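Shown next, in structure tokens, is the structure this report addresses.
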């Protein structure tokens, strides 16, 4: 049973079961749209690296997810975006952090792979690199949404660093914006030849310190792909770094002979605390898994044999 | 078996034509740092504290590529990065883009202990440093004449070797003909790989690891290597502590430091087997080295490059400082 497969996520966290329709439906629609885009691309023979990139670009452009437009804000009310991408067969990878004007961070990460001998560029220099290569940039205000301004205000009022999805008990007037049901985005894909790729992108934590880097651009933490699988993680960045989540899924397959599903479940259960993490992963054999230990994870997947799923909360 | 153990390194990939005095200087520095660590371990200082104090010493000495004596960016400035990890609870801290903090490893420690995050970079990290009251100096402090000279050579070499993937055959240029060995696209004589690191297991069996560097000579501003990346350049768990050095991109792709612990955890290998395994199988075409300790008091060094500045010692009296195989 070897065919193509794709999975994508829009973030894991404390997504309340009573999420109002007006918050839920646009995100489900976006997930469906991105899944369709990814599936068409795979069907038309596009390499998984291209597919992962184009799906994440689409998620970055959508303002309801915490990546690109719609990124959460730093403690200074600014946007600092980061992303990484990895190709399984060659293990070529690229990462960027501290972006403020680049419309599609994932594409800049891709450019780091294609145009430099390095893996990771950050802050002013990454921005300069973008300009030197004619990458699309806009004024930072483009990325800032009213919902995120409100989330920052709320987080400051609670005076704590807030996981994107922490369901607060906000004062009435903040209830509309206190949902925080947005998170890192990511996509993993495999074609019928077993070529794998992973891509992840984010704005980070609400109210994060300026200069804070999370798991998303750290190869082995938020993103990883090799000849066995491709993984994209989401959740509490600090825990995902400690748990080397994305690498560990592959390591368990390689070193302990676990299947994709077993390896991913193990990592989400054992390597990170409850409530901190979710991931999507595909294997060279066309399998898909999307485990999470949070209340919910915006996710979607499809495989060549016709299976597809779009979901937010646990299936059972 | 059991008891404390410590290892330090000053970089993998050594110019075979390195002058004898320089080799001697390096060995003396490594010995001094080992001894600092040993004295602390004998006074029951914890592994994480020993890692920090030894790396501070390596950063302060201008010999290796960290702190003062860091490799220079393409603009002739210094941009440092470091990470530290405490195996007991797998707590970690990292910094990148540091330009005025005298001891980046201590800032990484503060990120771990005093911030809600694991990794801070550039102006955000510098602001945090000031708020924490760490020692601040001008960027000039880190720049040495040796490195100003090296930068010039690196720029000249790059004008010939503009694509690091092209093999060095038939290459003209004085520096390129010194030795055919290349690392990260530069002739080994210019490469200056001397990232520093330290791994320690204390008398209680707690492991810790740390790595600090100025990065690649003539690097692009804003280029981040493996040293601040947990799982790549640095890793520590309940079982071991690991610090890597060499070609940063190869180390990142291999998640080298994490893999040493992973093969111990998931394949049941012992420390020596784990280090041998990752060096042999995980490095593809890249050159790198690492030092590692286990919670059983073992210490192992491994590298596939031609040499690694290193020193190690165990509680039962073993001590060795070496450069070559």
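The values are calculated or read from the model by the stated rules, or taken from the named source; none is laboratory data. For clarity, every value in this text was computed on a predicted model and none was experimentally measured. Glycine also receives a Cβ, built like all others from the backbone with ideal geometry; neighbour counts cover every protein chain displayed.
Numerical summary
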{"quantity": "Matching residues in the stretch B:195-212 - criterion: being within 19 Å of residue B:32 (Cα to Cα) and over 9 Å from the mean Cα position of the chain (by Cα)", "calculated": "B:199, B:200, B:201, B:202, B:209"}
{"quantity": "Within the stretch A:280-316, considering residues that are under 20 Å from residue A:252 (Cβ atoms) and in contact with a helix residue (DSSP H, G or I) (Cβ under 6 Å, 6 or more places away or on another chain), the one surrounded by the most Cβ atoms within 10 Å (Cβ to Cβ)", "calculated": "A:281"}
{"quantity": "Subset of the stretch B:213-226 (residues that are buried (at least 24 other Cβ atoms within 10 Å of the Cβ), more than 14 Å from the chain's Cα centre (by Cα) and within 9 Å of chain A (Cβ to nearest Cβ))", "calculated": "B:222, B:223"}
{"quantity": "Looking only at the stretch B:43-59, and only at residues there that are over 14 Å from the mean Cα position of the chain (by Cα), in contact (Cβ under 8 Å) with a residue 24 or more places away in the chain and surrounded by fewer than 23 Cβ atoms within 10 Å (Cβ to Cβ), the one that is nearest to residue B:295 (Cα to Cα)", "calculated": "B:46"}
{"quantity": "Boolean, residue A:211 is within 20 Å of residue A:295 (Cα to Cα), surrounded by 24 or more Cβ atoms within 10 Å (Cβ to Cβ) and modelled with pLDDT of 95 or more", "calculated": "no"}
{"quantity": "Some residue of the stretch B:227-245 being more than 10 Å from chain A (Cβ to nearest Cβ), over 15 Å from residue B:85 (Cα atoms) and either crowded, with 24+ Cβ neighbours inside 10 Å or at pLDDT 95 or above (or both)", "calculated": "yes"}
{"quantity": "Residue ranges of helices (runs of 4 or more DSSP H) in the stretch B:47-132 with at least 1 members within 22 Å of residue B:200 (Cα to Cα) and touching a helix residue (DSSP H, G or I) at 6+ places or on another chain (Cβ under 6 Å)", "calculated": "B:47-60, B:104-114"}
{"quantity": "Single condition residue B:267 does not satisfy, out of (1) surrounded by fewer than 16 Cβ atoms within 10 Å (Cβ to Cβ); (2) in contact (Cβ under 8 Å) with a residue 24 or more places away in the chain", "calculated": "(2)"}
{"quantity": "Among (1) surrounded by fewer than 24 Cβ atoms within 10 Å (Cβ to Cβ); (2) at pLDDT below 95, the one test that residue A:236 misses", "calculated": "(1)"}
{"quantity": "Some residue of the stretch B:249-259 being at pLDDT below 95 and under 16 Å from the mean Cα position of the chain (by Cα)", "calculated": "yes"}
{"quantity": "Condition met for residue B:297 (in a strand (DSSP E or B), more than 12 Å from every other protein chain (Cβ to nearest Cβ) and modelled with pLDDT of 95 or more)", "calculated": "no"}
{"quantity": "Residues of the stretch B:236-253 satisfying the condition of being touching a helix residue (DSSP H, G or I) at 6+ places or on another chain (Cβ under 6 Å) and more than 17 Å from residue B:303 (Cα to Cα)", "calculated": "B:237, B:239, B:240"}
{"quantity": "Residues of the stretch A:101-118 satisfying the condition of being outside any helix (DSSP H, G or I), within 12 Å of chain B (Cβ to nearest Cβ) and either at pLDDT 95 or above or surrounded by fewer than 20 Cβ atoms within 10 Å (Cβ to Cβ) (or both)", "calculated": "A:116, A:117"}
{"quantity": "Filtered residues of the stretch A:119-146 (kept if part of a helix (DSSP H, G or I), at the interface with another protein chain (Cβ under 7 Å from one of its Cβ atoms) and buried (at least 16 other Cβ atoms within 10 Å of the Cβ))", "calculated": "A:123, A:125, A:126"}
{"quantity": "Whichever residue in the stretch B:293-321 is without any contact (Cβ under 8 Å) to a residue 60 or more places away in the chain and surrounded by fewer than 19 Cβ atoms within 10 Å (Cβ to Cβ) and, among such residues, is farthest from residue B:2 (Cα to Cα)", "calculated": "B:304"}
{"quantity": "Qualifying helices (runs of 4 or more DSSP H) (wholly inside the stretch A:213-305; at least 1 residues being away from every other protein chain (no Cβ under 12 Å), touching a strand residue (DSSP E or B) at 6+ places or on another chain (Cβ under 9 Å) and under 18 Å from residue A:187 (Cα atoms))", "calculated": "A:260-266"}
{"quantity": "Scan of the stretch B:246-283 for residues that are part of a strand (DSSP E or B) and at the interface with chain A (Cβ under 9 Å from one of its Cβ atoms), ordered by number", "calculated": "none"}
{"quantity": "Residue satisfying all of: in the stretch A:79-101; without any contact (Cβ under 8 Å) to a residue 60 or more places away in the chain and under 17 Å from the mean Cα position of the chain (by Cα); nearest to residue A:122 (Cα to Cα) among these", "calculated": "A:99"}
{"quantity": "Test: residue in the stretch B:9-28 that is in contact with a strand residue (DSSP E or B) (Cβ under 7 Å, 6 or more places away or on another chain), surrounded by fewer than 21 Cβ atoms within 10 Å (Cβ to Cβ) and over 28 Å from residue B:270 (Cβ atoms)", "calculated": "yes"}
{"quantity": "Residue A:217 vs. criteria within 18 Å of the chain's Cα centre (by Cα) and surrounded by fewer than 24 Cβ atoms within 10 Å (Cβ to Cβ)", "calculated": "no"}
